[in-house]
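Below you'll find the structure, written out as structure tokens, and then a few comments.
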Amino acid sequence: MDLLIDSFLSAIVLVISLDAEMVSIIGVSLKVSLSSTILASLLGIPLGFTIAFSEFIGKRMAVTVLNTLLALPTVVIGLFVYAFISRRGIFGPFDLLYTQDAIIIGQVILIIPVIAAFTIAAISRIDERYRQTARTLGANRRQSAWVVFREARFGIVAALVAAFGRVISEIGISMMLGGNIKGFTRTMTTFMALEYDKGSFVLAVALGIVLMGISFAMNLLFHFFQGRVQSQ
């Protein structure tokens with residue numbers, strides 16, 4: 001218990017003093033996590049919206065597949081991407097392995113199903129009368145889709161927050177594809193695992209505090225934005 005308390009107090013000091021190594025690791029984590037979330041949103045939101053807004057054969061199966069992919073282990077994605085970007089892989093000549101780009105690729109694959117599935121859920125909760133009213137007023141298919149999208153915007157933003165939280169806290173992809181290289185691909189989670197193996201807890205606890213703080217700040221910002229818009 002004393003070890004935990006001492007580590008926690010020392011970690012607080014590191015956070016307040018903005019330790020250089022800690023700041024570097026946080027910067028890498030934020031860079032790859034934000035990049036993967038943005039790229040995945042460009043694919044996941046249109047995919048989820050198209051599935052939710054359209055009627056086609058196999059729609060239920062598509063939703064089932066997306067929901068199944070939500071539980072896809074990160075190590076499976078890491079192995080899959082590694083097979084393609086390793087020296088003997090199809091994309092080996094691009095030298096992607098053990099780079100930030102490799103981590104981003106793996107994380108994009110990880111959270112596309114998250115964003116798509118949450119987008120489908122958000123669209124599905126919108127009353128069908130919104131679409132019918134828009135069409136009655138003369139809106140075409142694209143305009144009525146925009147009306148539904150606006151009504152579902154908070155659910156879609158929640159999907160992005162959940163996706164960001166998923167990638168910034170994952171470790172399997174970052175370790176397997178990034179290699180935990182100091183100052184280059186070392187993220188908060190991979191460094192915490194390294195420090196645990198070494199039996200050193202202070203900086204790991206400090207990064208854990210920062211990680212929880214980032215997640216809390218993201219959710220706090222989302223709820224603040226949601227409250228401001230709803231009050232207008």
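Just to be sure, is VAL23 at pLDDT 95 or above, of a type in the set (Val, Ile, Thr) and under 18 Å from THR187 (Cβ atoms)?
On the way: at pLDDT 95 or above: no; of a type in the set (Val, Ile, Thr): yes; under 18 Å from THR187 (Cβ atoms): yes.
In short, no.
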Residue selected from region 52-74 under the condition among the β-branched types (Val, Ile, Thr) and surrounded by 15 or more Cβ atoms within 10 Å (Cβ to Cβ), by the criterion farthest from PRO113 (Cα to Cα)
THR74
Qualifying residues in region 59-118 (those that are among the polar types (S, T, N, Q) and in a loop (DSSP other than H, G, I, E, B)) - the one nearest to LEU160 (Cα to Cα):
THR99
Give the residues of region 8-24 that are assigned to a loop (DSSP other than H, G, I, E, B) and exposed (fewer than 15 other Cβ atoms within 10 Å of the Cβ), sorted by residue number.
LEU18
Are there any pairs, at least 6 apart or on different chains, whose C-beta atoms fall under 8 Å, with the first in region 88-106 and closer than 16 Å to GLY178 by Cα and at pLDDT 95 or above and the second of a type in the set (D, E, K, R) and surrounded by fewer than 18 Cβ atoms within 10 Å (Cβ to Cβ), and if so, which?
GLN100/LYS31
Among all residue pairs at least 6 apart or on different chains, which show Cβ distances below 8 Å where the first residue, located in region 184-204, is buried (at least 16 other Cβ atoms within 10 Å of the Cβ) and the second is aromatic (Phe, Trp, Tyr)?
THR185/TYR98; GLU195/PHE201; LEU203/PHE191; ALA204/PHE191; ALA204/TYR196
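Determine whether ARG131 is at pLDDT 80 or above, within 14 Å of PHE53 (Cα to Cα), not hydrophobic (A, V, I, L, M, F, W, C) and not in a loop (DSSP other than H, G, I, E, B).
So ARG131 does not fit the description; no.
When region 205-232 is examined, which residues are found to be assigned to a helix (DSSP H, G or I) and modelled with pLDDT under 80?
Result: ASN219, LEU221, PHE222, HIS223, PHE224, PHE225, GLN226, GLY227, ARG228, VAL229, GLN230, SER231.
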Any idea which of (1) surrounded by fewer than 18 Cβ atoms within 10 Å (Cβ to Cβ); (2) closer than 20 Å to LEU42 by Cα is the one PHE84 doesn't satisfy?
(2)
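The values are calculated or read from the model by the stated rules, or taken from the named source; none is laboratory data. Keep in mind that what you see is a predicted model, and the values were worked out from it rather than measured. All Cβ positions, glycine included, derive from the backbone under ideal geometry; neighbour counts span all protein chains shown.
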